[in-house]
1. Out of the helices (runs of 4 or more DSSP H) lying entirely within the range 27-127, which hold 3 or more residues that are open to solvent by 90 Å² or more (accessible area, probe 1.4 Å) and modelled with pLDDT of 95 or more?
2. Cβ-Cβ distance below 6 Å, separation of 6 or more or different chains: which pairs start in the range 11-30 with a residue that is of a type in the set (S, T, N, Q) and end on one that is open to solvent by less than 90 Å² (accessible area, probe 1.4 Å)?
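The values are calculated or read from the model by the stated rules, or taken from the named source; none is laboratory data. Since we're looking at a predicted model, the values are computed, not measured. All Cβ positions, even for glycine, are placed from backbone atoms using ideal geometry, and neighbour counts span all protein chains on display. Protein only, heavy atoms only, side chains kept; ligands, DNA and RNA dropped before computing areas. Shrake-Rupley method; radii C 1.70, N 1.55, O 1.52, S 1.80 Å.
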Amino acid sequence: MASSSGNDDDLTIPRAAINKMIKETLPNVRVANDARELVVNCCTEFIHLISSEANEICNKSEKKTISPEHVIQALESLGFGSYISEVKEVLQECMQQAAQQAQLAAASASASNQAGSSQDEDDEDDI
C-alpha cells in the first residue's frame, strides 16, 4: 500500500474484517481481490480523515480525549452529515452493550464474593 507517510503501512483494517463485511453485505456478489484491496484502502483513509478532524475539534475544545461528540462534529464538518443519525444509533447500541457487560461483570464479581464468603464460613465451622 502506498501511503503519504512511511509509518502508515501498518495502519490498515484487517482484510479478514473487510472480507466478512463484504460477504455479509453482498452475499451473492463476487468481488475481485483488487476491489477488496481498494475497499480496505478507502476504509483506512476514511478513518484517518475522521479521526484527524475529530482530533482537531477535540484540541480546539481544549480536551485531551476524543469523545463521540467530537467524531459526530467531524462527520458534520467533513460533509458526512447524512451518516450522523445512523452513527448515533450505533453509539446508543454500544453504550447499551457496555452497560449490560458492566452489569454482568458486577453480578459475576458479587457471586464470586458470596461464594468466597460461604467458603470462609465453612472453614470457620471446621475449626
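1. Correct list: 33-60, 84-126.
2. These pairs meet every condition: THR12/VAL40; THR12/THR44.
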